[in-house]
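The values are calculated or read from the model by the stated rules, or taken from the named source; none is laboratory data. Remember, predicted model here, so these are calculated numbers, not experimental data. Please note: Cβ atoms are built from the backbone with ideal geometry, for glycine as well, and neighbour counts cover all protein chains shown.
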Amino acid sequence: MLSMLKFSWAPVNPPSTTSRERYVMEVWKRFNEKELTHSMAHYLMAISALSLNGGASVSAIAERLGVSKAGVTSMLRTLKSRGLVDHERYGDVQLTKVGQRLAARTERSRDVLTRFFVETLGVEPSAAEEDACMIEHLVSVSSMVELLRMTAFLASNDPAAERFRTAFRDYQSHCRAGSAGEGCPVCRGHCLRNTIEDVEAAVDEAQASLRTGGHA
């Protein structure tokens, strides 16, 4: 096991199962209270991009996002009610200052997440972009700022960053080969990677069966 990546993870006062379940439930309830949904974030970014290239009309937004004009009109009502856009009938859509900030923040979050997934974790660019797109609007500002700092540091020429990059690549190779074994401080003898991959394969199989009219 690489000494640089050794660590012992255990909360000082681990919560009871009941307390943790209650906390997870509270987080789940707050999910829909986020200031932006996935669709809202993409509308704001589309409007921002179109505004720089001739104007964000309802037709242009619909074409860019591949949705109907009726769908755009419905979403614009929601965004306007939240103070994120200004839109007069038959006119172009304009982002408010708050809308502009949220669009910019979402775009930057996607950039940071994509770079972290690709440059630090070694995820394939297409998968990294898709994953970043899915969570860009969900990560808190404080977590994103720290992730940005970590990504910037690991991409630097600092000797410690260079040692980490080398050590992490070696550790990934050991993990893929299954040689981390009992020494893994997270899996503790029960490989979570295999569990995650098995679940993904089972979900893919079930979805394929449904598409072909079979039974999962």
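The table below lists the values:
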{"item": "Filter result for G54 (of a type outside the set (A, V, I, L, M) and at pLDDT 95 or above)", "result": "no"}
{"item": "Single residue of the range 84-113 satisfying the filter (among the acidic types (D, E) and part of a helix (DSSP H, G or I)) that is surrounded by the fewest Cβ atoms within 10 Å (Cβ to Cβ)", "result": "D111"}
{"item": "Pair list, Cβ < 7 Å and 6+ apart or interchain, from the range 85-111 residues that are assigned by TED's automatic domain parsing to the domain that holds N53 and at positive phi to residues that are assigned to a helix (DSSP H, G or I) and modelled with pLDDT under 95", "result": "none"}
{"item": "A167, sole failed condition from (1) among the aliphatic types (A, V, I, L, M); (2) under 30 Å from S81 (Cβ atoms); (3) touching a residue at least 60 places away in the same chain (Cβ under 8 Å)", "result": "(2)"}
{"item": "Every pair of residues 6+ apart whose Cβ atoms lie under 8 Å, when the first sits in the range 189-210 and is of a type outside the set (S, T, Y) while the second is surrounded by 11 or more Cβ atoms within 10 Å (Cβ to Cβ) and at pLDDT 75 or above", "result": "R193/C175"}
{"item": "Residue satisfying all of: in the range 114-128; buried (at least 16 other Cβ atoms within 10 Å of the Cβ) and assigned to a helix (DSSP H, G or I); modelled with the lowest pLDDT among these", "result": "T120"}
{"item": "Qualifying residue in the range 156-179 (condition: on the phi > 0 side of the Ramachandran plot and at pLDDT below 85)", "result": "yes"}
